[in-house]
Amino acid sequence: MTTRPRPATAMPRREAIRRLSAGAGGAAALTSAGAAAGAACAPAEIQPAAPVASDAGTRFRAMLAGPDPVLCPGAFDVISARLIVHMGFESLLIGGSAGNAANFGVPDYGVASITEMIEVASRIADSVEVPVFADADDGGGSPLMISRAVRGFERGGLAAVMIEDHVQAKHLGEGGVLLDTGVMVDRLRAAADARSTGMILVARCDAVSVGLGEQEAMDRAAAYVEAGADLLFFAGLPPERIGAVAGPAGRPGIASVHDTPITTLRDNGVPLVLYAGQLLRLALGAMRQGLQDIHDGATWPNYAERSLSGDDYQALIRSGEWRDAARRYNLVDENGRQIRG
């Protein structure tokens, strides 16, 4: 990997975190420089957009200021989101592929409407207490539609949204078609202008994945940051190259991975790591095996050992809270016996 010199104007990571915590000057900065001296990537900064105190986006920014990458598994519905939190993760992603598949039974070809995506994301964000990051595809299309979408995501309590530069419909075949840089810039400007909270705006750049190369990705990233992007995501770019490609634009690059070591991500200044669609495929694999067992012998061997415990299941659906409410409103007596509806 080519080592790039540290820009003279870059803010040291420690100072960025201090300002983030103190809210110096009404703004904060978050660098993605590696924690170790001499990390092989240029430092980068997130600049918040006049955040409202304690909103989800502002909390997410503070998390990303830590020394280690934030691990962000991908939920596909409310119950999977709650399981992620139950297992100790402090943020989660609603990916386009898993979200569209689980909720609408469609592939990630840009066929789910932005209204549907906002509804799903808002339902999940409302069900958990951690920051939620949503894939917004093209944000609905034109800058005017993107403005409405961003306000919709904010009303739904989302901490971050990602808007991409791939022309819809996407992923249909080999290669791909990207928006002109100027068109994407206007869309990002509209998204940034529409924010009234600390929501993080992530710009997805598909230049590498469609074969246009790293230099095109760098040029686009610089323009996207100028338009208001806080974070960058480069589809198809190896994690080892994220720091080098994102660094010149002055903002961190995030990663979507399967088995990349945390040290590699840290050394390349990656503040956020996505595990986008794996949980849905794991869940489907487990369900398929169980169904096969029934098909083969009408039983589920070792069902209790293979499944979530009854107590954990009840905790995820928060049965206790609903029972407490039922007692409060005199639907059941103190012994838990229903007395009226």
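Numerical summary
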read-out	value
Rounded FRET efficiency, nearest 0.05, which uses the C-beta distance separating Glu116 from Glu214 and R0 of 35 Å	0.55
The stretch 117-166-the stretch 270-337 distance, computed between alpha-carbon centres (Å)	27 Å
Within the stretch 52-142: Cβ-based charge dipole about Cα centre, in debye rounded to nearest 20 (Lys, Arg +1; Asp, Glu -1)	220 debye
Relative contact order [Cα under 8 Å, 6+ residues apart], the stretch 255-341, whole percent	13 percent
Cα-projected label distance for Val183 with Glu334, points at 7 Å along beta-carbon direction, nm	6.9 nm
Packing-based ranking, highest mean first, of 164-171, 281-288 given that Cβ atoms within 10 Å are counted	164-171, 281-288
Tyr313-Asp126 pseudo-label distance in nm [points 7 Å out on the Cα-to-Cβ vector]	2.6 nm
Selection of GluC sites (Glu not before Pro), the stretch 281-341, meeting DSSP coil and at most 14 other Cβ within 10 Å	Glu334
Inter-label distance, nm, simple model (7 Å from Cα along the C-beta direction), Glu90/Thr264	2.4 nm
Chymotrypsin sites (Phe, Trp or Tyr not before Pro) lying in DSSP loop within the stretch 286-329, provided at most 10 other Cβ fall within 10 Å	Tyr329
Gain upon complete extension [Glu226, Asn302; 0.36 nm per residue less C-alpha separation]	21.7 nm
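Readers should treat all values here as calculations from the given coordinates under stated rules, not as data from a laboratory. Predicted, not measured: the structure shown is a model, and the values here were computed from it. Glycine also receives a Cβ, built like all others from the backbone with ideal geometry; neighbour counts cover every protein chain displayed.
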